[in-house]
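Asks: Structure below; questions to follow.
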Amino acid sequence: MANFDTEREGQIEFYKTFLPLIDPNLTLDDILADDNDGVLNGNLLEFKLRVNDLNAVLFQCVKYLSSLRIKGKPVPANIIIVDLNGEQAYLYKSADYLDDIEKVYSGGASKSNAGFVGRAYDEKYAYGQDQLAVTCLIKRLKETEFTRIHIDENCIVGWATAFYKAVPNARKEDFIGDDTGKHKTIGEIRNPSVFAEYIYPYKGTSNVKFQYLMDKLNDTLQKKNLGAFYTPEAYAEKSHELLRMAIERVPAGNDYVIIDRCAGTGNLEKGLTDEELSHCILSTVEYYEYKVMQEILGSKVRHIIPPIESNDTFNAGLVRGADALSEEYVNNPVIKQYIDDPNCTIILFENPPYAETTSVEHQRKGAGKKSSTWKNSFVVGEMKKHVKGTASNDLGNAFIWSAFEHYLRQPTDSYIVFSPVKYWKAQHLIDREFLGGFAFNRRHFHTNIDACVSVILWSEETSDITEFDLDGYDIGADGKLVSFGKLPVKRMYSRLSDAYYDKGSEASDTFDGVCLEFDGTECLSKTKKIYAKKTYSDDMVGYLVAMTAGFDNPDLNTKLLRAEAYNGHGFCLRKQTYLEKLTMFCTGRYITYNREWTERARIMKSGDGADRFNADVASGKLDQWLGKGLLFTCVEMQNHMRTFTGSDGRFYRNELCMDTTNGPTVASEDLKKLICSPAEQRILDQWKTLMDAVRQTDEYDPRLTYGVYQIFAEIDTSYKDDEGNTVWNNVEVHSALQTLKALVKEYYNAEIVPTLFEYEFLK
């Protein structure tokens, strides 16, 4: 009899003895690849120091084989259970347990196995005492037979992935078959060739789940590794530091669970230890992700919601019962048992969807009303009873709010969440204690946007903190993290529109003017809904829009026009106050000239310094700086003011420019008060160079008063030559504009930005 202290010790000794006799080229790494005790040729091996319950161990083996099937790996024909210290091995045929193998199991394979009823073993080998038994065991271990399995929606993704690896140029129809096209294809699953030894021919009718899963596999994976689409691996691994901080907060003697309600394919959990995974409860509402997650993590985590698929689980591409915003999910008994247990600590660990449904980006992707169906959910309905304002427009906020409302309840509970930080900074969705966090570059989350995404560890305890630091990390070309140091995040309390908009009207105002498109031309559309009052006044020099606290779609949310924008959202600029109001225009251009990922979504526009700013404007302290802001406005491309004659018969002259061909403008008169620095003189000189070039063009209209945007739109024109190259009609104008743009950027960051931060226009 042997006397091993650990299974690992006995396992290694067993393989050391038998592997050279089976295949001397095999290594332990070759046979220990799937979180079981080893697959050797057509044999699954399971080792125990002492076998006390053969049926329980057999059931553990069945679960291992179920996992292999789901992953698209051959199911060994033999199950061999090894009693290490008894030096005995028991042989079972996996085909006898095919019905059980073709079920889906969640949780660790070694747990909850008592009560399984199996058949008697087929053979027993007393390999420690009987030479004949040794030779019989070696013969079995050399066998390379497998038990064929049936293809269904639980395993089709795994087998499709295996098929693509085996046949790199294969198409979807080569695997699943296609009888709808011009060329009929039977497909591998109906007439197995590559996998003839491993799978039975699929006899069913066309399967909507198959089609759906295969479309997903082909459209999004393109034969790449599963689960590589959401949280970048380097960022996921870094966030594990916060998760482990949360685990350290678990009181001694407490159980704990790690809940991820939007786990996708489980990419955020990749890299967790088996012990950590054994505490995880995962779900995703997308059916394809659900199947992949079951394949990858089903045997390692504590629970997947729902744990197994029922007849009605598939719901038009979604998973019934897995919608985290539904009342059914909030009251899910599997999760509720832990929430109701005072001796269990709750940790939420999530990267929820966080696109704002009112954003242009989201609307383009979401196809209108379909993208906002979540707004009718139970959680959002509950949130709206407590949360007012724009916070309800963000899907991510529904997850964040409900985390604290429905799941966290003790001081040692924790929430680690990936999200743009505005939920805390601008929307004041939570007031919890900050325990640590990182800032990551959103570009690596499969977007084309350089922006700041936070991942923060919050406790359930309340806090009135107004500022914290995030450790910033980008991902380098080698896939490793690059530190950007400490990035401060400050809470903001008021928006530009609340603090600075001039929302009143003057007695001289009439409402018979025109309204404009965003490019400064008159809106003559018969189909657009007009919200503008069409205000006209002799003291009105323009119309300013300064929307939103963030810098998403900055060109849409900051506009400067000669008359009202057709959709409103702004206010009239008056000769008496326009100078100070232009500060909002200057603020809105920050991200255009500061495109580093650390800035967008961390830096926001605020009115928090309004009292100090207004006082210093009134005292004259800021006179020179306001002149700098005016100079910047006159030469900035987003100033879409044009000179034109409106349909109302009025001549609308651009007064916020420096073209004095037809007499001084409001801006040119006020700029006389600016004491010019060398940088400012260079801009004025370049403006003169530009206008000299403009006057030499055929397109120049001497009746107009030009700003830079009208020059760009009407004179700096181009065409494509026969080879597709851009040819500028007026090279001198184009060159002068490009030089001016470079000077404007340098000037803005040196002379405008510091004061914007000082008075908290930028925060």
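The values are calculated or read from the model by the stated rules, or taken from the named source; none is laboratory data. Values in this document were obtained by computation on a predicted structure and should not be read as measured data. All Cβ positions, even for glycine, are placed from backbone atoms using ideal geometry, and neighbour counts span all protein chains on display.
Asks: Which count do you get for residues in segment 496-518 that are loosely packed, with under 13 Cβ neighbours inside 10 Å and closer than 30 Å to ALA426 by Cβ?
Replies: Matching residues across segment 496-518 total 3.
Asks: List the helices (runs of 4 or more DSSP H) that sit entirely inside segment 654-748 and contain at least 2 residues that are over 28 Å from LYS575 (Cβ atoms) and either of a type in the set (Lys, Arg) or touching a residue at least 12 places away in the same chain (Cβ under 8 Å) (or both). First the steps, then the outcome.
Replies: Working: elements: 666-671, 678-695, 708-714, 731-747.
Ranges flagged: 678-695, 731-747.
Asks: Looking at (1) over 35 Å from the mean Cα position of the chain (by Cα); (2) surrounded by fewer than 21 Cβ atoms within 10 Å (Cβ to Cβ); (3) among the polar types (S, T, N, Q), which is the only condition ASN594 fails?
Replies: Answer for ASN594: the failing condition is (1).
Asks: Continuing with this model, one more query. List pairs: first in segment 333-344 and within 17 Å of PRO307 (Cβ to Cβ), second part of a helix (DSSP H, G or I), Cβ under 9 Å, 6+ apart or cross-chain?
Replies: Here the result reads ILE335/TYR329; ILE335/TYR407; LYS336/VAL330, each pair linking segment 333-344 to a residue that is part of a helix (DSSP H, G or I).
Asks: Name the single residue, out of those in segment 492-519 being among the aromatic types (Phe, Trp, Tyr), assigned to a loop (DSSP other than H, G, I, E, B) and under 22 Å from THR587 (Cβ atoms), that is nearest to the chain's Cα centre (by Cα). I'd like the intermediate steps shown before the answer.
Replies: Restricting attention to segment 492-519, the residues satisfying the condition of being among the aromatic types (Phe, Trp, Tyr) are 493, 500-501, 511, 518.
Adding the requirement that they be assigned to a loop (DSSP other than H, G, I, E, B) leaves 493, 501, 511, 518.
From the residues that got through so far, the ones that are under 22 Å from THR587 (Cβ atoms) too are 493, 501, 518.
Working: TYR493: 26, TYR501: 34, PHE518: 30 Å.
Across segment 492-519, the extreme among qualifying residues is TYR493.
Asks: Check THR661, THR697, THR643, THR665 and return the single one that is among the polar types (S, T, N, Q), more than 20 Å from PHE518 (Cβ to Cβ) and surrounded by 20 or more Cβ atoms within 10 Å (Cβ to Cβ). Show your work before the answer.
Replies: Numbers: THR661 fails: surrounded by 20 or more Cβ atoms within 10 Å (Cβ to Cβ); THR697 fails: surrounded by 20 or more Cβ atoms within 10 Å (Cβ to Cβ); THR643 fails: more than 20 Å from PHE518 (Cβ to Cβ).
Answer to the selection: THR665.
Asks: A further question follows. Could you identify the single residue in GLU327, GLU275, GLU269, GLU309 that is surrounded by 24 or more Cβ atoms within 10 Å (Cβ to Cβ) and either touching a Cys at 6+ places or on another chain (Cβ under 9 Å) or in the same structural domain as GLY396 (by TED's automatic domain parsing) (or both)?
Replies: None of the other options fit; the residue is GLU269.
Asks: Do you know which residues across segment 364-400 are among the small types (Gly, Ala, Ser), assigned to a helix (DSSP H, G or I) and modelled with pLDDT of 80 or more? Show your work before the answer.
Replies: Keep residues of segment 364-400 that are among the small types (Gly, Ala, Ser), which gives 366-368, 371-372, 377, 381, 389, 391-392, 396, 398.
When the remaining residues are screened for being assigned to a helix (DSSP H, G or I), the result is 366, 368, 371-372, 381, 391-392, 396, 398.
Correct list: GLY381, ALA391, SER392, GLY396, ALA398.
Asks: Sort through ASN169, ASN154 and tell me the only one that's out of contact with any helix residue (DSSP H, G or I) (no Cβ under 9 Å at 6 or more places or on another chain) and not charged (D, E, K, R). Steps first, please.
Replies: Details: ASN154 fails: out of contact with any helix residue (DSSP H, G or I) (no Cβ under 9 Å at 6 or more places or on another chain).
Being out of contact with any helix residue (DSSP H, G or I) (no Cβ under 9 Å at 6 or more places or on another chain) and not charged (D, E, K, R) holds for just one of ASN169, ASN154, which is ASN169.
Asks: I would also like to ask the following. Consider only pairs whose beta carbons are under 7 Å apart and that are at least six residues apart or on different chains; among these, list those whose first residue lies in segment 309-321 and is among the aromatic types (Phe, Trp, Tyr) and whose second residue is surrounded by 13 or more Cβ atoms within 10 Å (Cβ to Cβ).
Replies: Short answer, once both residue conditions are applied: PHE314/LYS209; PHE314/TYR287.
Asks: OK, next. Condition test on MET584, is it in contact with a helix residue (DSSP H, G or I) (Cβ under 6 Å, 6 or more places away or on another chain) and surrounded by 17 or more Cβ atoms within 10 Å (Cβ to Cβ)?
Replies: Working: in contact with a helix residue (DSSP H, G or I) (Cβ under 6 Å, 6 or more places away or on another chain): yes; surrounded by 17 or more Cβ atoms within 10 Å (Cβ to Cβ): yes.
The answer is yes for MET584.
Asks: Oh, and also: Would you please name the residue that is surrounded by the fewest Cβ atoms within 10 Å (Cβ to Cβ), looking only at residues in segment 286-306 that are within 24 Å of SER402 (Cα to Cα) and over 20 Å from the mean Cα position of the chain (by Cα)? Steps first, please.
Replies: From segment 286-306, those within 24 Å of SER402 (Cα to Cα) are 286-287, 289-290, 293, 301-306; that's our starting set.
Of the ones still in play, those that are also over 20 Å from the mean Cα position of the chain (by Cα) are 301-306.
On the way: VAL301: 27, ARG302: 20, HIS303: 21, ILE304: 25, ILE305: 22, PRO306: 17.
Taking the candidates together, the pick is PRO306.
Asks: Here are some conditions: (1) out of contact with any Ser or Thr (no Cβ under 7 Å at 6 or more places or on another chain); (2) surrounded by 15 or more Cβ atoms within 10 Å (Cβ to Cβ). THR447 meets all but one. Which one does it not meet?
Replies: Exception for THR447: condition (2).
Asks: Give the residue, chosen from GLY38, GLY107, that is small (Gly, Ala, Ser), under 23 Å from THR147 (Cβ atoms), at pLDDT below 95 and under 47 Å from the mean Cα position of the chain (by Cα). Lay out the reasoning, then the answer.
Replies: Values: GLY107 fails: under 23 Å from THR147 (Cβ atoms).
After ruling out the rest, the residue left standing is GLY38.
Asks: Something else about it: Checking GLY620 against (1) in contact (Cβ under 8 Å) with a residue 12 or more places away in the chain; (2) on the phi > 0 side of the Ramachandran plot, which single condition isn't satisfied?
Replies: (1) is the only condition that GLY620 fails.
Asks: Another question, if that's okay. Is it true that THR755 is under 30 Å from ASP608 (Cα atoms), in contact (Cβ under 8 Å) with a residue 40 or more places away in the chain and of a type in the set (Ser, Thr, Tyr)?
Replies: Numbers: under 30 Å from ASP608 (Cα atoms): yes; in contact (Cβ under 8 Å) with a residue 40 or more places away in the chain: yes; of a type in the set (Ser, Thr, Tyr): yes.
So THR755 passes the test.
Asks: Output yes when any residue across segment 467-479 is in contact with a strand residue (DSSP E or B) (Cβ under 6 Å, 6 or more places away or on another chain), part of a strand (DSSP E or B) and among the hydrophobic types (A, V, I, L, M, F, W, C), and no when none is. Give the steps one after another, and end with the answer.
Replies: Applying the first criterion (in contact with a strand residue (DSSP E or B) (Cβ under 6 Å, 6 or more places away or on another chain)) to segment 467-479 yields 467-474, 476.
From the residues that got through so far, the ones that are part of a strand (DSSP E or B) too are 467-474.
From what's left, among the hydrophobic types (A, V, I, L, M, F, W, C): 468, 470.
Within segment 467-479 (the criterion being in contact with a strand residue (DSSP E or B) (Cβ under 6 Å, 6 or more places away or on another chain), part of a strand (DSSP E or B) and among the hydrophobic types (A, V, I, L, M, F, W, C)), the answer is yes, since at least one residue qualifies.
Asks: I'd like to verify a number: residues in segment 619-653 that are in a helix (DSSP H, G or I) and within 16 Å of LEU561 (Cβ to Cβ), how many? Outline the logic, then answer.
Replies: Initially, segment 619-653 is screened for residues in a helix (DSSP H, G or I), giving 619, 623-634.
Applying the additional criterion that residues be within 16 Å of LEU561 (Cβ to Cβ) yields 633-634.
Residues in segment 619-653 being in a helix (DSSP H, G or I) and within 16 Å of LEU561 (Cβ to Cβ): 2 in total.
Asks: Looking only at segment 80-114, which residues are free of Cβ contacts under 8 Å to residues at least 24 places away in the same chain and part of a loop (DSSP other than H, G, I, E, B)? Give the steps one after another, and end with the answer.
Replies: Initial filter on segment 80-114 (free of Cβ contacts under 8 Å to residues at least 24 places away in the same chain): 96, 99, 111-112.
Listed by number, the residues that qualify are LYS111, SER112.
Asks: Further, regarding this structure: With out of contact with any Phe, Trp or Tyr (no Cβ under 8 Å at 6 or more places or on another chain) and either aliphatic (A, V, I, L, M) or assigned to a helix (DSSP H, G or I) (or both) as the only criterion, which of ALA120, ALA133 stands out?
Replies: Numbers: ALA133 fails: out of contact with any Phe, Trp or Tyr (no Cβ under 8 Å at 6 or more places or on another chain).
None of the others qualify; the one that does is ALA120.
Asks: Inside segment 602-615, can you point out the residues that are touching a residue at least 60 places away in the same chain (Cβ under 8 Å) and surrounded by fewer than 18 Cβ atoms within 10 Å (Cβ to Cβ)? Spell out how you get there, then give the answer.
Replies: Filtering segment 602-615 down to residues touching a residue at least 60 places away in the same chain (Cβ under 8 Å) leaves 602-610, 612-613.
Passing the criteria: ALA610, ARG612.
Asks: Give all pairs with beta carbons closer than 7 Å in which a residue from segment 8-27 that is within 13 Å of GLY38 (Cβ to Cβ) meets a residue that is among the small types (Gly, Ala, Ser) and assigned to a loop (DSSP other than H, G, I, E, B); count only pairs at least 6 apart in sequence or on separate chains.
Replies: Pairs found: GLY10/ALA2.
Asks: Also: Would you confirm whether or not segment 13-30 contains a residue that is more than 27 Å from TYR290 (Cα to Cα), crowded, with 21+ Cβ neighbours inside 10 Å, touching a helix residue (DSSP H, G or I) at 6+ places or on another chain (Cβ under 9 Å) and at pLDDT below 95? Give the steps one after another, and end with the answer.
Replies: Filtering segment 13-30 down to residues more than 27 Å from TYR290 (Cα to Cα) leaves 13-30.
Next, only the ones that are crowded, with 21+ Cβ neighbours inside 10 Å stay: 14-15.
If we keep only those that are touching a helix residue (DSSP H, G or I) at 6+ places or on another chain (Cβ under 9 Å) too, we end up with 15.
After this cut, where a residue has to be at pLDDT below 95 as well, the list is 15.
Among the residues of segment 13-30, at least one is more than 27 Å from TYR290 (Cα to Cα), crowded, with 21+ Cβ neighbours inside 10 Å, touching a helix residue (DSSP H, G or I) at 6+ places or on another chain (Cβ under 9 Å) and at pLDDT below 95, which makes the answer yes.
Asks: Still on this structure, please answer the following. Looking at this structure, is ASN85 at pLDDT below 95, surrounded by fewer than 21 Cβ atoms within 10 Å (Cβ to Cβ) and touching a Leu at 6+ places or on another chain (Cβ under 6 Å)?
Replies: Details: at pLDDT below 95: yes; surrounded by fewer than 21 Cβ atoms within 10 Å (Cβ to Cβ): yes; touching a Leu at 6+ places or on another chain (Cβ under 6 Å): yes.
Yes.
Asks: Return the only residue of ASP623, ASP648, ASP659 being of a type in the set (Asp, Glu) and under 21 Å from HIS734 (Cα atoms). Write out each step before concluding.
Replies: On the way: ASP623 fails: under 21 Å from HIS734 (Cα atoms); ASP648 fails: under 21 Å from HIS734 (Cα atoms).
Of ASP623, ASP648, ASP659, the one residue that is of a type in the set (Asp, Glu) and under 21 Å from HIS734 (Cα atoms) is ASP659.
Asks: Which of (1) at pLDDT below 90; (2) buried (at least 23 other Cβ atoms within 10 Å of the Cβ) is the odd one out, the single condition VAL62 does not satisfy?
Replies: (1)
Asks: Right, something else. If we scan segment 56-65, do we find a residue that is aliphatic (A, V, I, L, M) and in a strand (DSSP E or B)? Quick ask: steps written out before the conclusion?
Replies: Here is the first cut: in segment 56-65, the ones aliphatic (A, V, I, L, M) are 56-58, 62, 65.
Subset that is in a strand (DSSP E or B): none.
No, every residue in segment 56-65 fails to be aliphatic (A, V, I, L, M) and in a strand (DSSP E or B).
Asks: Please find, among GLU248, GLU286, GLU269, the residue that is among the acidic types (Asp, Glu) and at pLDDT below 90. Full working, then the answer.
Replies: On the way: GLU248 fails: at pLDDT below 90; GLU269 fails: at pLDDT below 90.
Answer to the selection: GLU286.
Asks: Within segment 549-563, identify whether any single residue is surrounded by 15 or more Cβ atoms within 10 Å (Cβ to Cβ), aromatic (Phe, Trp, Tyr) and in contact with a His (Cβ under 9 Å, 6 or more places away or on another chain), and answer yes or no.
Replies: Step one: list which residues in segment 549-563 are surrounded by 15 or more Cβ atoms within 10 Å (Cβ to Cβ), which gives 549-552, 554, 557-563.
Next, from what is left, pick out any that are aromatic (Phe, Trp, Tyr): 551.
Restricting the remaining residues to those that are in contact with a His (Cβ under 9 Å, 6 or more places away or on another chain) gives none.
Looking for residues that are surrounded by 15 or more Cβ atoms within 10 Å (Cβ to Cβ), aromatic (Phe, Trp, Tyr) and in contact with a His (Cβ under 9 Å, 6 or more places away or on another chain), one finds none in segment 549-563, hence no.
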